[in-house]
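The values are calculated or read from the model by the stated rules, or taken from the named source; none is laboratory data. This one's a predicted model, so the numbers in the text were calculated from it and none came from an experiment. Note that each Cβ is placed from the backbone with ideal geometry, even for glycine, and that neighbours are counted across all protein chains shown.
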């Protein structure tokens, strides 16, 4: 398969999803079968579908919980056990699909998108949230840690967009949200993590420009989510009560998703009131 070409999904007019041969059903789905947009309670089958990477903990899991009442969910991360528990908490297979995915592996990212489309028949919004950090200082951390961080924070976000953009373009509408950071606005001393978040910010701006200028699309939205200090397991030593909570960031995501058509919230920068920079 030529990975430069998008997977040829055809979802309009009720037609079944078509898969490229090399990505046909290689995902991990709870109970080992597809529910194909089935809702055993007969409710919520028209709810929009939100795909979240990095969904097993922190901001991703908080966003899933915040969105569960209004969205069906594709939950992706490397830790399947945590994803399955979260999916069960949020209503089981008819409301949430758990998919194991390493966002740095193109075949897995393609499979994640294909699984969401097969399971729910559509994807309305994509939250490229997977990422992690590193100690400041260019003499700190291992080079292996650096490589993994850069691949996850930058390449992983780009692959998530690449795997889902063809479907949103075919739909004609939708929403991409990308987790950047205040570190993607300010150059932090000795921070390669900051550099990855500058890249995430640029990815969001570049995607918006591509949609408007190269695809002549004026309806797909792009939002950069830029948290300040947030008390999650992102940190080895968690900052505590003075920092933002993961639910604060999740509420910002929901705010962006709830805007009417034609309103594109480009950036949401959120700091705790006590953060000095």
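Some notes on this structure:
- Condition met for residue 166 (more than 14 Å from the chain's Cα centre (by Cα) and within 28 Å of residue 212 (Cβ to Cβ)): yes
- Counting the residues of the range 235-260 that are part of a loop (DSSP other than H, G, I, E, B), surrounded by fewer than 17 Cβ atoms within 10 Å (Cβ to Cβ) and either in contact with a strand residue (DSSP E or B) (Cβ under 9 Å, 6 or more places away or on another chain) or at pLDDT below 90 (or both) gives 10.
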